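> Structure below; questions to follow.
The values are calculated or read from the model by the stated rules, or taken from the named source; none is laboratory data. None of the values given here were measured: they were computed from a predicted structure. When we count neighbours, we look across all protein chains shown, and the Cβ atoms used for this are built from the backbone with ideal geometry, even at glycine.
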Amino acid sequence: MTEAWRDANRANWDERVPVHLRAYNLAPLRAGKGALYPIEAAELGPVAGLRILHLQCHIGSDTLTLAQQGAEVTGLDFSEPAIAAARALAAELALPARFVVSDLYAAPQTLPEPASFDRVFTTWGTICWLPDLTGWARVIAHFLKPGGTFYMADGHPTALVFDDDNALPSGLPGYFLPYFHQGALVQDDHRDYADPEARLASTRTYQYAHPLGAIVSTLLEAGLTLEFLHEHQAVPWRMFAALIEDADGLYRWPGQPWLPLAFSLRARR
Ligand SMILES: C[S@@+](CC[C@H](N)C(=O)[O-])C[C@H]1O[C@@H](n2cnc3c(N)ncnc32)[C@H](O)[C@@H]1O
């Protein structure tokens, strides 16, 4: 399964793993007090005793946070270094967790357990890496038990139209990409969002803009029922230079909120 978008994105993500092992604040997790960001912590609800599949789990910090809260977790990611780091962290913290190397679209072949998870969970910077939303929604429906729920939180597609490289004289972000942009957005960028000093060598990435309506509709077409769709005036990273970090670790607009920054949804199979 070698395709240009997958190979380039995987090389880019492989290289970010050591950067994030240094830059992510893993101290609370290591102290037994891992925490999700306030948005998903409030919306996901108690997880103790639930079987959770965490898609695109990266180095496993959120997966292991869910394990600390008593969930039976499986984390899946296509980056071998990311999964190696997640397994090492699980071993260090003596947390029971299963981590699987797999492309998202190959997950039904990699994990032979259809309809066996109470929750499928994916957050912050996931679907922008996926070219095919229909295939993504099918994977989610494939793994959920009847009655199980899918939860996601991510950057709001409207906010992704703007960026700081095209900033206005006022300092607000400027127009970057059409909301309905189709096909891959191919970029060459050596930067990493977690470490301003990092200089990546695998710079080429392929990302995809997914309108909010398409995200919801593909989940409905895969047989899920939407339970909520929330738009947020906060996001857990400095999406734009103009945002202000609050005490809860979320970033918000100074003064009047200008654009929604994030969205979250829950859908039931
Ligand atoms: C921004 S990270 C997700 C962040 C994660 N929530 C965290 O806590 O750090 C995106 C992840 O998606 C993974 N990824 C990207 N494309 C993928 C694909 N096609 N299949 C599986 N994983 C993929 C990357 O390896 C990376 O770990």
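> Outside any loop (DSSP other than H, G, I, E, B) and either aromatic (Phe, Trp, Tyr) or at pLDDT 95 or above (or both): is that true of ARG266 in this structure?
Yes, satisfied.
> Kindly state which strands (runs of 3 or more DSSP E) lie completely within the range 63-156 and contain at least 2 residues that are aliphatic (A, V, I, L, M), within 14 Å of the ligand (Cβ to nearest atom) and under 27 Å from THR225 (Cβ atoms).
Details: elements: 72-77, 98-101, 117-123, 144-155.
So the answer is 72-77, 144-155.
> Another one. Is there any pair with a first residue in the range 108-129 that is in contact (Cβ under 8 Å) with a residue 12 or more places away in the chain and more than 22 Å from GLN187 (Cβ to Cβ) and a second that is basic (Lys, Arg) and within 12 Å of the ligand (Cβ to nearest atom) whose Cβ atoms are under 7 Å apart and which are 6 or more apart or on different chains, and what are they?
none
> Within the range 30-54, how many residues turn out to be in a helix (DSSP H, G or I), away from the ligand (no atom under 11 Å from the Cβ) and not β-branched (Val, Ile, Thr)?
If we filter the range 30-54 for residues that are in a helix (DSSP H, G or I), which is where we start, we get 30, 38-44.
Right, trim to away from the ligand (no atom under 11 Å from the Cβ) and you get 30, 38-39, 41-44.
Filter once more, keeping what is not β-branched (Val, Ile, Thr): 30, 38, 41-44.
Of the residues in the range 30-54, 6 are in a helix (DSSP H, G or I), away from the ligand (no atom under 11 Å from the Cβ) and not β-branched (Val, Ile, Thr).
> Which residue pairs have Cβ atoms closer than 6 Å, lie 6 or more positions apart in sequence or on different chains, and pair a first residue in the range 41-58 that is more than 14 Å from VAL120 (Cβ to Cβ) with a second residue that is part of a strand (DSSP E or B) and of a type in the set (Gly, Ala, Ser)?
GLU43/SER264
> For VAL139, state whether it is more than 15 Å from LEU44 (Cβ to Cβ), at pLDDT 95 or above and out of contact with any strand residue (DSSP E or B) (no Cβ under 7 Å at 6 or more places or on another chain).
Yes: the conditions hold for VAL139.
> Would you point out which residue out of ALA11, ALA27 is modelled with pLDDT of 95 or more, surrounded by 15 or more Cβ atoms within 10 Å (Cβ to Cβ) and more than 10 Å from the ligand (Cβ to nearest atom)?
After applying the criteria, what remains is ALA11.
> Test LEU89 against the criterion of being more than 24 Å from GLN109 (Cα to Cα) and under 15 Å from the mean Cα position of the chain (by Cα), and give yes or no.
Against the criterion (more than 24 Å from GLN109 (Cα to Cα) and under 15 Å from the mean Cα position of the chain (by Cα)), LEU89 does not qualify.
> For the range 239-263, which positions are part of a loop (DSSP other than H, G, I, E, B) and in contact (Cβ under 8 Å) with a residue 40 or more places away in the chain?
Scanning the range 239-263 gives MET239, PHE240, ALA241, ALA242, ASP248, GLY249, LEU250, TRP258, LEU259, PRO260, LEU261.
> Please give the number of the condition PHE180 fails out of (1) away from the ligand (no atom under 16 Å from the Cβ); (2) crowded, with 18+ Cβ neighbours inside 10 Å.
(2)
> So, of the residues in the range 212-231 that are of a type outside the set (A, V, I, L, M) and assigned to a helix (DSSP H, G or I), which turns out to be farthest from the chain's Cα centre (by Cα)?
GLU221
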